[in-house]
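Bear in mind these aren't lab numbers, they're just calculated from the coordinates by the rules spelled out. What you see is a predicted model, and the numbers here were worked out from it, not measured in a lab. Cβ sites come from the backbone with ideal geometry, for glycine too, and all protein chains shown count toward neighbours.
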Amino acid sequence: MAARATGTLKGATQIHVIPAGRGFAFAIKAGSQFMITDLHGQQVVDMMWFLDSLAPPSVGQYLYSNHAREMFKVVEDTVKVHDMQYMACNPGLYARIGKPEHRSCASNFAEAMTTYLRENGDKDAQFEWFQVHDPFNTFQNTPYYTMKGWMDSSKAGDYIKFQAEMDCVVALSCCPYEEGGFNGGKSTEVAVTWQID
């Protein structure tokens, strides 16, 4: 059963439900907030951001660009457990385990960014999965780079809310990895809500 987030955003907002195992990208303006909500529980959401510490951030801390500029501030977080070490699952990983046609976070990011770029003026854009950098894995509990403890990170209705510190594009992937019970054994949909002008 799907849940609604208890967190809210002020003003005009837009919401998009990302289907299980798929990706989505959207633009956010500096000063605006957005939140990712796990609708069913136990669903990891990989997050990347684009613009021209090993410990996950906590409320009041920031995510930085590779130019040491503050990009997002964590405003609210009902889970408080996230991962900044694991790579995005990718076609190479699935090929090695005998599932070469399985969806992946890296492919979801590439698909979402290609769609976003084409819809926003670059009709020839083609973002490839191997151009994907390491993500911020929301709701993923993998302490010390192990798979122990990740089963109970988020519950239905849990969310993390960010404030953008600069204009950027955010890409999300509803992680399709289901091996060994990851993501509760079945990828599920999540919602992203963001403030609009």
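Taking a point 7 Å from the Cα of V17 along the Cα-to-Cβ direction, the residues of the range 160-193 with backbone N closer than 15 Å to it are 188-193. In plain terms, the chain from R96 to R118 could stretch by 4.8 nm, reckoned as 0.36 nm per residue minus the Cα-Cα distance. With 10 Å bins beginning at zero, the pair-distance distribution over Cα atoms of the chain amounts to 9, 38, 40, 13, 1 %.
Over 31 Å apart at the Cα level, from the set K123/K155; K161/K186; K80/K186; K10/K155, are K123/K155. Working note: 222 nm ellipticity from helices only, DSSP H runs with n ≥ 4, each -39,500 (n - 2.57), summed and divided by the residues of the chain, gives -3000 deg cm²/dmol to the nearest 500. The distance between label points at F130 and T8 comes to 4.9 nm (points 7 Å beyond Cα on the Cα→Cβ vector).
The Cα-based radius of gyration of the range 9-98, divided by its Kirkwood radius, gives an Rg/Rh of 0.96. Ranking of S187, S173, S154, S32 by neighbouring Cβ atoms within 10 Å, starting from the fewest: S32, S187, S154, S173.
In a simple Cβ point-charge model (Lys, Arg +1; Asp, Glu -1; nothing else charged), the chain has a dipole of about 360 debye relative to its Cα centre.
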